[in-house]
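Down below is the structure, laid out as structure tokens.
The values are calculated or read from the model by the stated rules, or taken from the named source; none is laboratory data. Here the structure is a predicted model, which means the values were calculated and not measured. Cβ atoms come from the backbone with ideal geometry, glycine included; neighbour counts cover every protein chain shown. With ligands, DNA and RNA removed, areas are computed over all heavy atoms of the protein, side chains included. Shrake-Rupley method; radii C 1.70, N 1.55, O 1.52, S 1.80 Å.
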Amino acid sequence: MKEVIIALVSSSITIVITSFFGYHFRLKQEVRNESVKYKTDILKNVYTPILKLLVSAIIPGEGYDGITKETLFEIEDIVKSNYELVDSHLHSLIWAIKKEIRQQHYEQSANLFDQDKKLFIHVESNFNFYRKQVGLPFDKAKIKKLLS
């Protein structure tokens, strides 16, 4: 009878411990999966479309000289439609360029903006950072710019 009680108690303890660890690891996995999904959404909905616009402004043989105000408005549309996914630094870069456009009298400004490449470097760095986070191929040299 004593052996039966010991067997029941030990199996009950084993069940409780196994359930606790199973729940704990399942919860961590769900959090990790949600994080990857969130990062994938940021990559797919924010940085990929913006980088496509910025790369289209690169002139072969000359490089990136900046963007026009029209390109900035396209970027701003992407940011507005994905506001909850955009980081504050990207917002501040866009606002700084909009301020620069206003200072140059909106209708008359046919100049290129972001000639210091701050927006381009930020987008390219974050693009590669999120690619790394979700397990896609990335350029390690571009991420170092983000961390420095």
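Things to note:
- Residue within the range 24-46 that is at pLDDT below 90, of a type in the set (S, T, N, Q), surrounded by 13 or more Cβ atoms within 10 Å (Cβ to Cβ) and part of a helix (DSSP H, G or I) present: no
- Selected residue [open to solvent by less than 50 Å² (accessible area, probe 1.4 Å), assigned to a helix (DSSP H, G or I) and in contact with a strand residue (DSSP E or B) (Cβ under 8 Å, 6 or more places away or on another chain)] from L53, L90: L53
- Per the listing K69, K44, K52, K80, the residue uniquely of a type outside the set (V, I, T) and touching a helix residue (DSSP H, G or I) at 6+ places or on another chain (Cβ under 8 Å) is K69.
- Taken as a whole, the condition of being more than 30 Å from F138 (Cα to Cα), out of contact with any Cys (no Cβ under 9 Å at 6 or more places or on another chain), open to solvent by less than 90 Å² (accessible area, probe 1.4 Å) and not acidic (D, E) applies to A7.
- Near pairs, Cβ below 9 angstrom, 6+ apart or cross-chain, from the range 43-65 (farther than 20 Å from Q133 by Cβ) to any residue that is basic (K, R) and open to solvent by 60 Å² or more (accessible area, probe 1.4 Å): Y64/K117
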